Amino acid sequence: MNDWHSWAAIAVFIGAYALIVSEKIHRVAAALGGAALMLAIGATDDEAAFYSQRTGIDWNVVFLLLGMMVIVGVLRKTGMFEYLAIWSVKRARGRPFRVMAMLIAITSVASALLDNVTTVLLIAPVTLLVCERLALPAAPFLIAEVMASNIGGTATLVGDPPNIIIASRAGLTFNDFVVHLTPLAVVLTLVLIALCRLLFRDAFVHDEKRAAEVMALEEREAIRDRRLLVQGLIVLGLVVAGFVLHPVLHFEPSVVALLGAGLLVAVSSVRTGEVLSEVEWPTLAFFAGLFVMIGGLIGTGVVGEASKALAGAIGQRELGGSMLMLGGSAVLSAVVDNIPYVATMAPVTADLVHSMGGGSDHVMWWALTLGADLGGNATAIGASANVVVLGIAERNRTPITFWHFTKYGLVVTAVTVALAAVYVWLRYFALA
């Protein structure tokens, strides 16, 4: 990392990150500008940026988002989200905190079965409608849900994209994740609900009149197109099945999502132009720019050097090493999107596990998974789901700033990572 390209890449990344944080210019402009500079200074090139899975745009993530955005866009026309909004409010008796707790629980469970990005795409429209009906600020509910999606996503192999990368490299199965991480994810979801009660206490203002109006509604009347709803739910069910059966079918989630989107548009009566207008194009552009910038850091060896430094500090110490891996991964995943971070760190972890004489389910893999997944909650760009929710909020005229998200994310990350450290210590060392 002694050549000028490395230092120039660091300068470009820090400058773009500073612009994103300060919000002096739109985050999409900052990301795309940073990507352009990475190409201009030679930190990366067109082949590495657009064709390399390791140092370029992760098209699996981009096309997964595109496919699911199309499906959600079709479902939005059926009235399904209005139905779910009314149903959830009525079950919670119109009480804001009960509504938030219910949405957190639903999001966490759904994120374990789907991936967390897909989950927030489905839950966010419901949340916006609930908040509109009850005259509540949407930002606290959206922030709580995206954090729940990242926590719930740790529970299974398909819950978070980094998990798929780790499972592939380590040879882990769906059941391995369930046995090792699902119990902790359940506990952390309950902790998140308790934290939200404190963090967002000012948002829980109960409006008796608004609640009574919603309680008087008949949710079935919200459905506008039953045939389209049936078609959409069947396709969504097939897509979910495709996600869950990934270890058997070996279809990437992006392929499954695109097949589902294409099938739904083909069999339904919706106009393609109308559906494509629902896609969050700025979010996709932001991801593309962010991936190219991070690819510049990877290509010039900056991320590799950081990974080697972390590995060198760990050495042969399993307990101290697993704690350092957990904490270090959480910090790095807060700054760099956790997908490229894990893609870079996975081979380093594999070497560590091999040198320690560990198997596929070695504690170091679980420390990497927990650190990357939970650390993604720390900042507004720490995980893909965070970026997606910020885009949805902005599109619906309820923008969430970088610091608005991050001031809550840092608290939740600190608590959940600390509890994860206790869990790792108890399960793999104290009680082993």
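Lys/Arg Cβ at +1, Asp/Glu Cβ at -1, dipole of the chain taken about the Cα centre: which of Gly232, Met100, Thr156 is farthest positive-ward? About the Cα centre, the residue reaching furthest to the positive side is Met100.
Extension gain, Leu419 to Ile25: 0.36 nm times the residue separation minus the Cα-Cα distance gives 138.2 nm. Placing a pseudo-label 7 Å from each Cα along the Cα-to-Cβ vector at Val255 and Arg224 gives an inter-label distance of 3.6 nm. In the chain, the calculated helix contribution to ellipticity at 222 nm averages -24500 deg cm²/dmol per residue, counting -39,500 (n - 2.57) for every DSSP H run with n ≥ 4.
For segment 204-270 versus segment 1-66, the inter-centroid distance based on Cα atoms is 34 Å. For segment 110-229, taking Cα atoms only, Rg and Dmax work out to 17.7, 55 Å respectively.
Placing +1 on the Cβ of every Lys and Arg and -1 on the Cβ of every Asp and Glu, with nothing else charged, gives segment 119-233 a dipole about its Cα centre of roughly 140 debye.
Cα-based values for the chain, radius of gyration first and Dmax second, are 21.3, 68 Å.
Using θ = phi - 60° in the Karplus curve 6.51 cos²θ - 1.76 cosθ + 1.60, the 3J(HN,Hα) couplings for segment 131-147 round to 5, 5, 5, 9, 6, 10, x, 6, 4, x, 5, 5, 5, 4, 5, 5, 5 Hz; x is entered for Gly and Pro. Each of Ala85, Thr119, Ile166 was placed along the dipole of the chain (beta-carbon charges, centred on the mean Cα), and the one lying farthest toward the positive end is Ala85. Restrict the search to segment 252-336; then list the trypsin sites (Lys or Arg not before Pro) that DSSP places in a loop and that have at most 10 other Cβ atoms within 10 Å of their Cβ. Sparse-neighbourhood loop trypsin sites (Lys or Arg not before Pro): Arg271. Computed over protein heavy atoms with a 1.4 Å probe, the carbon and sulfur contribution to the accessible area of the chain reaches 64%. Per residue, the average separation of C-alpha pairs within less than 8 Å and at least 6 apart gives the chain a relative contact order of 25 percent. Placing +1 on the Cβ of every Lys and Arg and -1 on the Cβ of every Asp and Glu, with nothing else charged, gives the chain a dipole about its Cα centre of roughly 1160 debye. Computed on the Cα atoms alone, the convex hull of segment 329-432 gives a volume of 91 cubic angstrom per residue. For trypsin sites (Lys or Arg not before Pro), the sites in segment 75-156 that DSSP calls loop and that have at most 12 other Cβ atoms within 10 Å are Arg93.
For segment 306-387, the per residue solvent-accessible surface stands at 26 Å², with DNA, RNA and ligands left out and a 1.4 Å probe. Here Thr173 and Leu238 are evaluated by their C-beta separation; at R0 = 30 Å the FRET efficiency comes out at 0.85.
Rolling a 1.4 Å probe over the protein chains gives Ile25 an accessible area of about 70 Å². Going toward the positive end of the dipole of the chain, with +1 on Lys and Arg Cβ and -1 on Asp and Glu Cβ, which of Ala380, Asn60, Met38 do you reach last? Farthest along the dipole direction, towards plus: Ala380.
Remind me, relative contact order of segment 259-349 in percent, using alpha carbon pairs under 8 angstrom and six or more residues apart? Reported as a whole number, the value is 26 percent.
Charging the Cβ of each Asp and Glu at -1 and of each Lys and Arg at +1, and nothing else, the dipole of segment 1-153 about its Cα centre rounds to 1080 debye. For segment 252-302, the solvent-accessible area with a 1.4 angstrom probe is 36 square angstrom per residue.
Averaged per residue, segment 1-131 has 40 square angstrom of accessible surface, using a 1.4 angstrom probe with ligands and nucleic acids left out. Working value for segment 82-146: equivalent-ellipsoid semi-axes of 18, 11, 10 Å, each the square root of 5 times a Cα gyration tensor eigenvalue, largest first. Looking at segment 377-410, the trypsin sites (Lys or Arg not before Pro) that sit in a DSSP loop and have at most 16 other Cβ atoms within 10 Å of their own Cβ are Arg397. Helix 253-267 and the longest principal axis of the C-alpha atoms of the chain enclose an angle of approximately 30°.
The values are calculated or read from the model by the stated rules, or taken from the named source; none is laboratory data. A quick note: this is a predicted structure, and the numbers were derived from the prediction, not measured. Note that we place each Cβ from the backbone using ideal geometry, even for glycine, and neighbour counts take in every protein chain shown. Remember, those area values only see protein heavy atoms, side chains included, never the ligands or the DNA or RNA. Shrake-Rupley method; radii C 1.70, N 1.55, O 1.52, S 1.80 Å.
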